[in-house]
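Where a number appears in this text, it was derived from the coordinates with a stated rule and is not lab data. Predicted model only: the values in this text are computed from it and were never measured. As a convention, Cβ positions derive from the backbone with ideal geometry for all residues, glycine included, and neighbour counts pool all protein chains shown.
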Amino acid sequence: MRKAALASLVFVACGFATNAQLSISPRVGIEQAFNCVKYNNTSCINPISPNISPQISVRADYLFNKVHGPFVGIASNRSLVTYEFTNPETGDKEFTADQGNWKLRLEAGYQVSSKPISLGKTAKQPATTTANLSPCAAARMRQAMATVPQKPVMNLRIQPYAGMAFVPKPEQAITTAVKSGETVYQYNAGNWTSAFITGINLAFAKGSVNKYVIGIQYLKGIGNMNTETLNTPTENKLVITQLSSSSAAWNINVGIPLSFSKNKQSVAAISKVVAPAKAETPAKVETPKITETTPVKKSCGYYRSRCSHWD
């Protein structure tokens, strides 16, 4: 029973893979990150505004029947913001902030695609008259006009998606360093390890040839966003500082997809090879055989009767 179920599953998977299409699209764009730092009981502090950086990415989409399928990608990420202060008691007012180091994030998810939406009208063929033609010639004319290829027009597919993003190696949450003889505390805001992503792709094509894609994406950091505690002893007392942050980002990008499709070959597309007809050899006409009759020997009595007639 298990073998039969496994064989059925493999058969269905092979059927889907036969009609699947793989496309890889390198993309470039810009991303704006929004980081909110909470310092003890204060409200949200926006350390950098605006936090805009360029972005490069590569994405691979695997669509079944051009309708739905998974995707994976890799993109540059600079949502990290360094928040530095020297006095924990006044760190919410006296601080410096800067963009953090570049990171690479991995993306994966699932998307669906709409049917192609035509962005133009197909050019009409010039009208031809068949009034002065015979019925057979008119039928041949109409058949020839029907087989004339039409000029492809631009079309659009709307492709919403959702998934997750991951940053493998996050930075340490709080670090200390000595600069110009004083201790500087650094908190890394937006230091997420996993994030929820959603967005939409606008895929433009001309006929069946993909031209370019425009993508809009929203990201919300959810992993490694815990509250960090900093204990600092000053003047015979312990100063407790609690730091936390939230992170989100919007980006827009454009790319050129490179498609690798697997389509079943239709019977009409396969060229038929017609075997040459063998020349028939004409049947041999047998001439009737002329049989020669052998002379019949006559008896002696026959000649004797003949000769006696002349006696």
Cut-off 15 Å between beta-carbons: net charge of the residues surrounding ARG27, Lys and Arg +1, Asp and Glu -1: 0
Euclidean distance of C-alpha centroids, segment 46-68 and segment 208-254, integer Å: 17
Among the listed pairs LYS115/LYS169; LYS151/LYS220; LYS103/LYS179; LYS103/LYS237; LYS179/LYS220; LYS93/LYS237, those beyond 32 Å (Cα-Cα): LYS115/LYS169; LYS151/LYS220; LYS103/LYS237; LYS179/LYS220
Cut-off 13 Å between beta-carbons: net charge of the residues surrounding LYS169, Lys and Arg +1, Asp and Glu -1: +1
Net charge, GLY109 excluded, C-beta distance under 12 Å - Lys, Arg +1, Asp, Glu -1: -1
Label-point separation in nm, ALA177 to THR86, each point 7 Å along Cα→Cβ: 1.5
